[in-house]
Amino acid sequence: MSTPSLSADDIFVSLEPPPLAEDPTLAVSSFRNLSQIIPQIARERGSFMNVTEDKLRKEIRAASQSTPQEENPSPEPSSSTSQPKQIAPDLTQFEEDFNNTRAELTRLIGAAQNEAAISLDFVSLLISSVRPAAGTTSMSPHLKSHVPVGSLGSDKIKPLPRVEDPSVCLGWKMQAVSAASDRLARASERLAKEAVHEKKYWEQVEEVAVAGEVLSKMRMPDFRGMGVRYGFVDAGSTYKEKGIATLRRDAEGNLVLKTEGEKRTKVLSVQVMRPLHGQYVMTGQYASKVNAEIGDVKCQIKQARDLLFEDELFYQIARETRILGSQGVTLDLGNTVMIPLPDDLQIVIETIDLEDQYNSMELDGGSDSVIAEAISIALHLLLCKLHRKNLNARRSVPLPLGTRTNITDAKSEILGPLVSSLAVSPIKDSLIALITELKSVLNDSNLDTHESLYI
Amino acid sequence: MSTITPNSIQQSQQRFLTINQRINEAATTIVSEYTAILTLAPVADKDRETTAAETYQIECHATAIVRTIEDLLMVSRSLKESWILGQVASFQTNYER
């Protein structure tokens, strides 16, 4: 009955209950599949509206008239003996199946009813937007309580006649392809320029490298590329500024040196002051000579290095004024160091702007400018010496752990030697003068001096 | 330039391989993107929606080509960087060896 290989038209559903005795399993399975049988009936006989009891009766009658003659079954006589025995269990089986089917049918009817109710609700809601009164009457209480009346609308849409115009697609494609080609052409132009700039940049970097500067890779958050180390860290400097600059490339491919922090502009200036009419007057000055012109990158690196050295030198000097405070060395305004010396000589060390350096050159011709220059050179050399000392300390084998060292007071390495060497000779002179005076007094007094005083 | 130890030769070869690989990848990408543009170019009775989507895809592929070439520029930059720092044996050094 439900052989899958046969098409739907070949199968004719019998309205009679299936044969009980022959194959109960088949019968049961056919009854269980009520949901499959109903669509099949609908396919064979059309709508249930057309299926009437009379028609079915007629059909059954016609069938019963024809079948007995055609299919007068031969197995009937053989089964006649066994049938009475089987009929009792088959009847209970049949009753059970019937009940099951009835329950199934009830369930399906319930589902259909539910679906019909939902459809009714849908239609009612749709109508309620046009005629609220008519729609509300047929709406279910659940829908009424949950959805506002008239909230579903409908309208007719006139679909536009779709005509695919191939020229539109062609135009779009043309546009896209030409835009892509434009883009590639522009990019190639830009990248060619970029390549030329890169070449220019790297040539300059190579010049810097050939000049013997120490280059390194820089991996900073805002910059990735080459950097140059111009500082004195490797020479033994312990200054906070390490002297690392980045070699950046500007839009034109030029190499731009960018030092960390602001660009330094200060150089060291040494002034010698002597009293004149009760006031100190500058009698000689010397400022470090640093090339202030902005030349190529090599020049800029050299300038940055010189200025860093000046910066560190003044930092060290200013730091050592504290140690030499007992000798009257003072630090005024944070940028002027006053060193009083015997014989009313005073040395002022300060930082001046690089631009003022040329203005102050006019004053270099003072009588004491030689002294000022010598002092300036001495200071620079002393800083070099300090670097060397640091380097040696860094190179030396460290003391074993746990060694107790007496932390000595900070020693003045730059100002100390300068001040002492400048102060010694006047002090010595004054001492000799004192002793000579004493000697002459003693000689004049004609005291018997057993031992002569030789100086 | 620093003395070339066996270790630095190894490193140099490793860098060489990496750079070669990057160049090859970029070349493959450029060709495949260009092929994609050509594949998308025909109109071939496609409807408007498909055409519009393909227009955008062409744009994307063109941008990808540009990006890949920019990447190549970065490769050349890193190569130069390595040369300057003596991390890659220059042609001359190779020749001398």
Restricted to pairs 8 or more residues apart or on different chains, the lysines in segment A:170-262 with C-alpha atoms under 21 Å apart form a number of pairs equal to 9
Can you tell me which of A:367-378, A:263-274 comes out highest on packing, and rank the rest after it, using the mean Cβ neighbours within 10 Å?
-> A:263-274, A:367-378
Sequence ranges A:336-343, A:235-242, ranked by mean other-Cβ count within 10 angstrom, highest first = A:336-343, A:235-242
Whole-Å distance linking the alpha carbon centroid of segment A:185-206 with that of segment B:33-92 is 18 Å
Tabulate in residue order the Karplus-calculated ³J(HN,Hα) for segment A:206-220, using 6.51 cos²θ - 1.76 cosθ + 1.60 with θ = phi - 60°, rounded to whole Hz; enter x for Gly and Pro.
-> 4, 4, 4, 5, 5, 5, x, 6, 8, 9, 8, 7, 10, 10, 9
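Every number here is computed from the coordinates shown, using simple stated rules; none is lab data. This structure is a prediction, so every number in the text was calculated from the model and none was measured. Cβ sites come from the backbone with ideal geometry, for glycine too, and all protein chains shown count toward neighbours.
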